[in-house]
1. Mind telling me which of the residues GLU100, GLU120, GLU108 ends up being loosely packed, with under 11 Cβ neighbours inside 10 Å and modelled with pLDDT under 85?
2. Just name the residue that is nearest to LYS183 (Cα to Cα) out of those in region 126-144 that are touching a residue at least 12 places away in the same chain (Cβ under 8 Å) and small (Gly, Ala, Ser).
3. Give me the residue from region 6-35 that is surrounded by 10 or more Cβ atoms within 10 Å (Cβ to Cβ) and of a type in the set (Gly, Ala, Ser) and, out of that set, nearest to SER51 (Cα to Cα).
4. Can you list residue pairs whose Cβ atoms sit under 9 Å apart, with the first residue in region 53-69 being under 22 Å from GLY24 (Cβ atoms) and the second being surrounded by 10 or more Cβ atoms within 10 Å (Cβ to Cβ) and aliphatic (A, V, I, L, M)? Count only pairs 6 or more apart in sequence or on different chains.
Amino acid sequence: MDPDKKLRDELLALAKGKRIFLEGNILKVLKAKSGDTVFEDYLNKCITKDSSSRKKRLTITKQVQQQNKKLAVAAEENERLLKDLQLTLKESEKLKDFAEKGKDKALEDLEIIQKKTQTELIGTIVKVALVVIVSVGIVTTAMYVFALFTDTDTQIIGSTWSNMLGILLTNAFSIVGTIMGVKYATEKED
């Protein structure tokens, strides 16, 4: 295709004044008239600049594609890390729940052991108190019986024996009542 003189002059003026050159496939079809070396030089310069521009664009496109590949790999890695983090968080929640259940079970076991220890302690106190009460009662009764068989005055021992048994019974009921009250009070707190 051979441009007319007006178009040729405008293209040359753009190149000279504003440094704007033609680019693209149009350069394949444009031809200078034979002997028009100025326009032929213009077209050769346009082809050279177009080739250079294409190479630059191709280089930039390749760089962008490489960066996009790197970004895609990084995005995949981020996605994998996010999934791992979410899985770890779920496992952490499960471990937290397991730890809470373990803590509750341990507290429950501790409470059972404390109640068992309290019950054993109460049982021991009751046994000792009853042994003391029975022992004092037996000793006092033995002394009273001995005094009866030895023809000793039993008036003082008799009243002492009677008072002693009353006091022992009162103390026995007081101890048992106190222990039962403590046991009842600790059960109500729970």
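The values are calculated or read from the model by the stated rules, or taken from the named source; none is laboratory data. Everything numeric here is computed off the predicted structure, so don't read it as measured data. Methodologically, a virtual Cβ is constructed for each residue, glycine included, from the backbone with ideal geometry; neighbour enumeration extends over all protein chains shown.
1. GLU120
2. Among residues in region 126-144 that are touching a residue at least 12 places away in the same chain (Cβ under 8 Å) and small (Gly, Ala, Ser), the one nearest to LYS183 (Cα to Cα) is ALA129.
3. So, considering only residues that are surrounded by 10 or more Cβ atoms within 10 Å (Cβ to Cβ) and of a type in the set (Gly, Ala, Ser), the one nearest to SER51 (Cα to Cα) is GLY24.
4. From region 53-69, no pairs qualify.
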